[in-house]
Amino acid sequence: MIEAELAGIIIMLIGFYGLMSKRNLIKIVLSINIVSIGLVLFFVGMGYREGASAPIMPREIVADPLPAALMLTTLVVDVAITALALTIILRMRREAA
């Protein structure tokens with residue numbers, strides 16, 4: 001599934017561009033999220049196999065569930081880190097004002 005990997009790489013590059021070009025802290029946090037989403041899409045695309053079944057009831061070709069499980073965990077951690085980063089940014093702005 002080359003399309004998913006290519007889309008993931010393009011999304012990561014867009015996020016890296018946002019990291020390098022923006023100075024606003026909120027936009028930097030959002031750029032980090034875009035990089036993370038691109039990385040998740042890349043790894044899920046790498047783990048995809050055409051015609052594969054779940055390993056619960058295996059057929060001839062079995063899909064590896066590890067990439068999907070790891071990326072699901074990554075998304076949960078990203079949400080927590082984003083919430084923490086945005087909270088810290090808001091606290092910094094209140095202290096500066």
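Numbers below:
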read-out: Subset tally (residues that are modelled with pLDDT under 95 and within 17 Å of the chain's Cα centre (by Cα)) for the range 83-94; value: 0
read-out: Residue satisfying all of: in the range 42-97; among the β-branched types (Val, Ile, Thr) and part of a loop (DSSP other than H, G, I, E, B); nearest to residue 14 (Cα to Cα) among these; value: 61
read-out: Residue pairs meeting the criteria (Cβ under 8 Å; at least 6 apart or on separate chains; first free of Cβ contacts under 8 Å to residues at least 12 places away in the same chain, in the range 4-31; second surrounded by 13 or more Cβ atoms within 10 Å (Cβ to Cβ) and not in a helix (DSSP H, G or I)); value: 28/22
read-out: Among residues of the range 14-57, those that are within 22 Å of residue 70 (Cβ to Cβ) and more than 11 Å from the chain's Cα centre (by Cα), counted; value: 12
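A quick yes/no check of all residues on (1) touching a Leu at 6+ places or on another chain (Cβ under 8 Å); (2) surrounded by 13 or more Cβ atoms within 10 Å (Cβ to Cβ); (3) not hydroxyl-bearing (Ser, Thr, Tyr):
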| site | (1), (2), (3) |
| --- | --- |
| 2 | no, no, yes |
| 11 | yes, yes, yes |
| 20 | no, no, yes |
| 52 | no, yes, yes |
| 62 | no, yes, yes |
| 80 | no, no, yes |
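The values are calculated or read from the model by the stated rules, or taken from the named source; none is laboratory data. None of the values given here were measured: they were computed from a predicted structure. With ideal geometry, Cβ positions are generated from the backbone for all residues, glycine too; neighbour counts draw on all protein chains shown.
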